[in-house]
Amino acid sequence: MTHPSGAATSAAPGFVDLHMHSTASDGALSPAAVVEAARAAGLRAIALTDHDTLEGIPEARRAADAAGIRVIAGAELSVMFDGRELHLLALHVDRSAALEAELAELRAARRGRAERIVARLNALGVPLRLDAVLAEAGEGAIGRPHVARAMLAGGWARDFRDAFDRYLGNGRPAHVEKRRLDASDAIDLVHEAGGLAIFAHPGTTGSRERIERLVALGLDGVEVLHPSHTSEDLARLDTLVRHFHLVPSGGSDWHGTPDGPRTIGCMHVPSAMLERQDALLVEREARRAAPTAPRG
Ligand code: AMP
Ligand code: ZN
Ligand code: FE
Ligand code: FE
């Protein structure tokens, strides 16, 4: 079977990792270095899912061609649903013009947010400069981890955790809300881009009732395998996947650092999960090609 991304899939066993970050957002390694790590870990496919951006995908795909692995185009979106935030993984987004335009706006908003975070820190007596944060982010989508790194470099926080606990964490004095898409709009954009909308790490935020209402909005799947999930989460999500006919997904959410147990490939996500995603995409494509055919 051949996927629109050009890569052949196979029924042979193997592992994939469908949630990872690079320097295109707040990861530590370049997209090419993430792919190299995936090759070294023996993975057959990865999804690069940087926050609010697809900018790392071309570099990752070039590296993947050389390494003989497949890269799925992805992004992680923070969306609002019922007045609360949840994370949505946009996977297999290969027709992405409308999505790209929206992501560019989200990244511009992140830049404005970084300025406001720095202003708050300054008012709190931390003389951090915006330049230092921009330097940490480079070309990538700016996030709180970049602010935290700049604070560490300036000696204004002991470590990452300290920076979030005292200043940057949700509800802390230098926290500024992000611009977020509405869940329903985000799901529509992902579909327009030819992709699948997957509820990321729904362990604590994905009650059965919430998932049911997201399915009504077009949610395609849930991330069953994630380092934050307990064995109870796994069992519950497994049941929900079957009940709502969702596709499962899974990944490490690796940010390129030696994060103890949270490292690349740590979730041992079976290729079969990716094959189910491919099958759903093939089915969708067939419906698009034959819009008058009766719907199943
Ligand atoms: P942002 O997208 O700018 O809101 O930043 C979100 C990222 O910050 C997450 O993906 C985590 O990597 C990191 N993060 C959020 N909260 C914390 C925390 N309390 N401690 C450490 N890292 C955090
Ligand atoms: Zn992140
Ligand atoms: Fe997330
Ligand atoms: Fe993530």
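The values are calculated or read from the model by the stated rules, or taken from the named source; none is laboratory data. Worth saying up front: this structure is predicted, and the values here are computed from it rather than measured. As a convention, Cβ positions derive from the backbone with ideal geometry for all residues, glycine included, and neighbour counts pool all protein chains shown.
Taken over segment 145-169, the criterion of being within 16 Å of ligand 4 (Cβ to nearest atom) and either at pLDDT below 95 or on the phi > 0 side of the Ramachandran plot (or both) is satisfied by F160 alone.
Can you pull out the residues in segment 216-248 that are of a type outside the set (D, E, K, R) and touching a strand residue (DSSP E or B) at 6+ places or on another chain (Cβ under 6 Å)? Explain how you work it out, then say what you get.
Let us first name the residues in segment 216-248 that are of a type outside the set (D, E, K, R), namely 216-219, 221-222, 224-231, 234-235, 237, 239-241, 243-248.
Within segment 216-248, L219, G221, V222, V224, L225, L237, V241, L246, V247, P248 qualify.
Scanning segment 77-96 for residues that are in contact (Cβ under 8 Å) with a residue 60 or more places away in the chain and small (G, A, S), which turns out farthest from L217 (Cα to Cα)? Selected residue: S96. Filtered by the rule that a residue be small (G, A, S) and surrounded by fewer than 20 Cβ atoms within 10 Å (Cβ to Cβ), segment 170-199 gives G171, S184, G194.
Considered as a group, the residues in segment 29-57 that are surrounded by 22 or more Cβ atoms within 10 Å (Cβ to Cβ) and of a type in the set (S, T, N, Q) include one that is nearest to ligand 4 (Cβ to nearest atom), and that residue is T49.
Inside segment 66-98, residues that are at pLDDT 95 or above and either within 14 Å of the chain's Cα centre (by Cα) or in a helix (DSSP H, G or I) (or both) make up a count of 17.
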